[in-house]
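So the structure is just underneath, and the comments pick up after that.
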C-alpha cells in the first residue's frame with residue numbers, strides 16, 4: 001500500500017512538472033508569434049470613407065473586409081473612417097461637398113470615398129459636369145478582373161455606367177428592391193390580412209380604409225403611412241403605380257400622359273383616408289425611421305436596406321416588420337429597385353494602387369454571399385449562391401420571390417425622370433410636393449395635373 005502511495009506521489013510530481021513545461025512551451029510559442037508579428041511593418045496604407053455605420057451586419061461586413069484585406073496584405077494599413085467621424089453626420093449632401101473638396105485638394109486625405117449614384121449626381125451639379133468622373137475617378141471598365149466579378153447585366157446594361165458619367169467607378173455590392181413594409185402587430189390590431197405578393201391598388205386602398213375606420217373609433221391614432229420631410233418615400237409607391245399603368249414598354253408621350261394621370265388620380269383616392277403620419281412635415285428621416293417600429297404607422301415604403309437599418313436599432317422590434325410587393329394596377333415586367341456602386345477612388349489620391357486592390361478585393365464571391373446573408377438584399381457581385389440557398393426566412397423569401405418573378409429585371413428608381421421633358425431635379429421636387437398634397441387631401445388630381453402642365 002505504501003509502495004502504491006509512493007508511486008502515486010511520484011506520478012503527481014511528474015505530472016505537475018510536465019504541465020508546467022507544456023504551459024511554458026505554449027507561452028513561449030505565443031511570445032515568439034507575437035515577436036514575429038511585430039516584425040511585420042505596415043509600410044503602406046489606404047484611407048477609406050466607409051458606409052453603413054449603425055446598419056447592423058452591413059457595418060460588420062465593411063469591418064470584416066478591412067480586417068481580412070489587412071491580413072492578406074500585411075504591408076498595407078486600412079484606415080477606415082465613417083462619414084459621421086469625418087463630417088459630423090451621415091449625409092449624401094455633406095459627402096458630395098467633401099468629395100468636391102478632395103478633388104480640389106493637392107493632397108486628398110482619402111483614397112476611397114463613399115460614392116453612390118445619388119452622391120455622384122450631387123457632385124455633378126456642383127461641378128456642372130455630369131461626366132466629372134472621367135476626369136477625377138478611377139474607371140474599372142477595362143479591368144477584366146473587376147468586370148468579370150460583376151453580374152452580366154451590370155456590365156451589359158449601359159444604364160448602370162451612365163448613372164456615373166459613363167464609367168464603372170466601383171463594385172456594385174449593394175442592390176435592393178423596394179417594398180411596402182408593414183408592421184404585423186399593427187395589422188393584427190386592425191384585424192386585416194395583407195397580401196405578400198400581387199397586391200393591387202384596390203387592395204392597398206382597403207387597408208388605408210381599415211386604418212381610417214379604426215382611427216374614427218379609437219383615441220389611440222395610428223397612421224397608415226410613415227413619411228418624412230427630407231425624403232419623400234411615397235414617390236416610390238407612385239413610381240410603381242405609374243410604371244404598372246404604362247401601356248408600352250418604350251413609353252410614348254400618349255402612354256406617359258395616361259399613366260401619369262391614372263397614378264395621380266389614384267393618389268387622390270388614397271388622400272380621402274388621410275393616410276400620412278401627422279408628424280411628416282417635421283420628421284427627419286434618419287432620426288424618425290424607427291417610428292414604424294413603435295407602432296406609430298402601419299406601412300413604410302422603403303428598400304430592403306431597411307432590414308439592416310431596423311436591425312441596427314432594435315432586433316426584436318424588427319421581427320414584426322414584413323416586406324411585401326408594392327401595389328400596382330396591372331402586372332408589369334420590371335420591379336422597382338436598383339444596383340449601385342458604393343465606393344469610388346479619386347485619381348489624385350495618394351494610394352491609388354492600394355485602393356484599387358481593396359475595391360477589387362470587395363468583389364470576391366464570398367463577400368457577395370455574405371452580403372446576401374447579412375442584408376437580405378440582392379447584390380450586383382457574382383457569387384456561388386443558387387436560388388435554393390436563400391429563402392429561409394420571410395426577408396430572404398421576399399428577395400427570392402421578387403428575383404424569381406422578375407428575373408432580375410430591376411427598374412432603377414431614378415428612371416422616373418422620363419415622366420416629363422423637364423429638368424429632372426426641379427421636376428421631382430415639384431412631384432414630391434404634389435404627392436404629399438394629394439395624400440393630405442389638399443389638392444385634387446386635376447389641380448396636380450395643372451401644376452405639372454404649367455411647370
_Theoretical gain in end-to-end length, residue 100 to residue 79 [0.36 nm per residue, Cα-Cα removed]_ = 5.5 nm
_Stokes-Einstein D in µm²/s, Kirkwood radius over Cα pairs - the range 72-173 at 20 °C with 1.002 mPa s viscosity_ = 144
*What is the range 182-239 by shape, rounded, prolate or oblate, if you read a ≥ b ≥ c off the alpha carbon gyration tensor as root eigenvalues and call it rounded for a/c under 1.5, prolate for a/b larger than b/c, and oblate otherwise?*
oblate
*Between residue 135 and residue 284, 0.36 nm times their residue separation minus their Cα-Cα distance comes to what?*
50.2 nm
*Determine, for each peptide in 148-155, 221-228, the mean count of other beta carbons within 10 angstrom over its residues, then list the peptides with the highest first.*
221-228, 148-155
*Gyration tensor (alpha-carbon) shape descriptor, the range 208-283, a/c threshold 1.5*: prolate
*Can you tell me which of 60-73, 255-268 comes out highest on packing, and rank the rest after it, using the mean Cβ neighbours within 10 Å?*
255-268, 60-73
_Rounded, prolate or oblate, given the Cα gyration tensor of the range 291-375, with a/c below 1.5 counting as rounded?_
prolate
*Cα Rg over Rh - the range 96-242, Kirkwood*: 1.13
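FYI, it's all coordinate maths here, none of it is from the lab. Keep in mind that this is a model prediction, so the values were computed, not measured. All Cβ positions, even for glycine, are placed from backbone atoms using ideal geometry, and neighbour counts span all protein chains on display.
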